[in-house]
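To keep things clear, I will list the structure first and then write my remarks on it.
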Amino acid sequence: MSDRYAVVGNPVGHSKSPQIHAAFARQTGQDISYDRLLAPLDSFEATVRRFFHEGGHGLNVTVPFKREAWDLVDHCEGGALSAEAVNTIKRSGNQLIGYNTDGVGLLADLEHNLGAAIAGKRVLLMGAGGASYGVLQPLLERRPDLLVVVNRTLDKAERLIRHFHQYESLTLRGIAAQPYALLAGQSFDLVINATSAGLEGEMPQLPDGLFAQGAIAYDMVYGRETQFLGFARARGATCADGLGMLVEQAAESFFIWRGVRPRTAPVIAQLRSEH
Ligand code: ATR
């Protein structure tokens, strides 16, 4: 019987993970099955424990359970510790190990697929929810010039940068939390939208001069041209949605489980062609 994997969430019907992992498995000749697992909102833990009790090998975790997964696992590796969120679980003997591959996925997409270098650059991260917690550590480890977190609710941005305070010395000019109103007059080389505004067809108020010459605008939302990307494109920025990050974080999960690194470019191209 094939080794069993799944993505667990609520809702989970829209997830592209089964398609992505099936493509990875075909490409690398790995014998796995990968399903969707709908967990009732009040019984995530029971759903996960049953899956592993019945012989499951690994899970991806999606909304709204990444934080509960962090609480549930026996041990965290890598970025999961600081992100306080787990999107990948691997069974190792009778232990459940938690990982967070979102940050690695974002960085792989930025660096390998988009050719972006972060060292010495001015980075703006929009949003201070779970998506931002997942990516801040690997961003700071690339040693940007400065990293500004901007959020509608300022104290959430302040809490976020306090949480990652130990990495501040990796930057040249530090980490700052700001409200959107303070962005006027500042410009950035990389602007990452980690808010959920695009899902509601909205975007935060941004000033015209936000994008430096040659800037990259990245929206973690995928599968649609968000207002943010439209705004950035009209102001000369190079634009990317989160589809590459989605596939790259999946590739990192696949590597954690199987020890084999799949090629991502053909899978990204396949998903793009279906839109
Ligand atoms: P998650 O944990 O999934 O990232 P979240 O904690 O609800 O979800 O965070 C969503 C982020 O998007 C927050 O930073 C939120 O800003 P607030 O903290 O001020 O609520 C941001 N966000 C959502 N809709 C937005 C909008 N229309 N404009 C600006 N920011 C928005």
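Coordinate-derived values only; no laboratory data. Everything numeric in this text was worked out from a predicted model, so none of it was measured. Glycine also receives a Cβ, built like all others from the backbone with ideal geometry; neighbour counts cover every protein chain displayed.
Give the cross-link partners of Lys66 among the lysines, using a straight C-alpha distance below 18 Å as the criterion and excluding same-chain residues fewer than 8 apart. Output for Lys66: Lys16, Lys90. Its relative contact order, with pairs defined as Cα atoms under 8 Å and 6+ residues apart, puts the stretch 103-241 at 21 percent. Helix 44-53 and the longest principal axis of the C-alpha atoms of the chain enclose an angle of approximately 40°. Of all lysines in the structure, those lying under 25 Å Cα to Cα from Lys121, and not within fewer than 8 positions of it along the same chain, are Lys156. Taking the Cα atoms only, what angle lies between the long axis of helix 154-163 and the longest principal axis of the chain, rounded to 10 degrees? It is inclined by approximately 60 degrees. Per-residue packing, averaged as other Cβ atoms within 10 Å, sorts the ranges 105-111, 166-172 into the order 105-111, 166-172, beginning with the highest. Axis angle, to the nearest 10 degrees, between helix 17-28 and the longest C-alpha principal axis of the chain: 70 degrees. Would you work out the relative contact order for the chain, in percent, from Cα pairs under 8 angstrom that are 6 or more residues apart? For the chain, the relative contact order is 15 percent. Please report the net charge: other residues with Cβ closer than 10 Å to the Cβ of Ser17, K and R +1, D and E -1. Overall, the nearby charge balance is +1.
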